[in-house]
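Every number in this text was worked out from the coordinates using simple rules, so none of it is lab data. Predicted, not measured: the structure shown is a model, and the values here were computed from it. With ideal geometry, Cβ positions are generated from the backbone for all residues, glycine too; neighbour counts draw on all protein chains shown.
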Amino acid sequence: MQLIPCPWCGPREETEFHYGGQAHVAYPQDPAALTDEAWARYVFFRDNPSGPFAERWSHSAGCRRWFNAVRDTRTYDLLAVYDAGEPMPDLGERDEVVS
Amino acid sequence: MTADTSSRTSPLAAWADRLAGLAPALTVVERPFLTQLTVRASDPDAVAALGAALGVAFPADPCTFTRGDGPFGDVEVLWLGPDEFLVVARSDLDPRVPVEEALRTALGSARGAVVDTSAQRTTVALAGPHVRDVLAHGCAVDLHPSAAPTGTCVQTLLARAGVILQVVDAEAGVFTVLVRSSFAEYLAAWLSDACVEYLAGVS
């Protein structure tokens, strides 16, 4: 089974985790000023890359802490794990995102 | 007819005989009604003060627990998260020295919380020659002494039920499982089933 490296608990089975969608989706500065279309874009529209993708994960059956992980959507490799709130780490010479 | 609320019944009281029947392959003993307190504190000074009040230093490393003897007797402190701990003390604590109040006083004005969660979980002590084999049927965490030495405390899924698993003695194979009261009977049934192939007389 796929192991996900929790920053606190170490590698654990995927079934212990809960997926939280794309990371780094900032809440709008002034939500009331958005048009319906812009609001819908914030709420529903997410990237769907073929390649590295920054995601939020929660170790829901363990320490119950949220963290971010970069996952390659083609191979399911977890390329990096970092704390929530930190910027996405530079992964160096990797394939560029193909959309 | 009114319900009898004067005597308390542990979640696994009805399972005591069936669990005792798993010996000697697996010894399962419920330790009900332990005093359990969920402590939230992130300030290192506050965590140190809490440890001093309890007589047991709080675990510094993730997925470990500490044990010691203090003013409240034999006490364990389990790491549940970077700012979350579970204090487990014996069940017959003198109500005149409330451990909850002592911890709250130690916390002082620091951000945090001390909440009594004694009724949330029951405790099951596991031992026996096949304890790792049985646990491996439903738990993916590596429990070999080299990977999980004495003092390890992991929150994981055991047969899809959320548990806290403590390695009390890695060499002797002694474990403690804290399971939610509502899941306790399910876990007891699962343990009985998982243990069948190790029972004496079964070929």
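Counting only Cα atoms, I'd like the Rg/Rh figure for the protein assembly as shown, Kirkwood definition for Rh.
Details: Rg = 22.9 Å, Rh = 21.9 Å.
Rg divided by Rh gives 1.04.
Shape analysis of chain A based on the Cα gyration tensor places the equivalent ellipsoid semi-axes at 26, 18, 12 Å, largest first.
Taking a sphere under 11 Å around the Cβ of A:Glu16 and counting the other residues whose Cβ falls inside, with K and R at +1 and D and E at -1, yields a net charge of +1.
Just to be sure I understand: with springs between alpha-carbon atoms less than 10 Å apart, which residue in B:Phe183, B:Phe65, B:Phe175 has the highest mean-square fluctuation in the Gaussian network model of chain B? Taking springs between Cα atoms under 10 Å, the residue moving most is B:Phe183.
Annotation: amide H of A:Arg12 within the under-5 Å range of A:Ile4, A:Cys6, sequence separation 5 or more or interchain, hydrogens built in the peptide plane.
When chain B is treated as a Gaussian network with alpha carbon springs shorter than 10 Å, the biggest mean-square fluctuation among B:Pro11, B:Pro32, B:Pro44 belongs to B:Pro44. With a 10 Å cut-off between alpha carbons and a GNM built on chain A, which of A:Trp39, A:Trp57, A:Trp66 moves the most? With Cα springs under 10 Å in chain A, the top fluctuation among A:Trp39, A:Trp57, A:Trp66 is at A:Trp39.
Dipole of the protein assembly as shown, Cα-centred, from +1 at each Lys and Arg C-beta and -1 at each Asp and Glu C-beta, to the nearest 20 debye? Present the calculation step by step, with values, prior to reporting the outcome.
Numbers: 22 positive and 39 negative charges, 124 e Å.
The calculated dipole for the protein assembly as shown is roughly 600 debye.
Projected onto planes of every orientation and averaged, the convex hull of the alpha-carbon atoms in chain B covers 13.2 nm².
Rg and Dmax over the alpha-carbon atoms of the range B:35-116 stand at 11.3, 33 Å.
Here is the short version for the protein assembly as shown: A:Cys63, B:Cys63, B:Cys139, B:Cys153, B:Cys195 have no other Cys C-beta closer than 4.7 Å.
Which whole-number percent of Cα pairs in the range B:1-60 have a distance greater than 16 Å?
On the way: 1166 of 1770 pairs.
Value for the range B:1-60: 66 percent of Cα pairs lie more than 16 Å apart.
Mean sequence separation of contacting Cα pairs (under 8 Å, at least six apart), scaled by the length of chain B, corresponds to a relative contact order of 24 percent.
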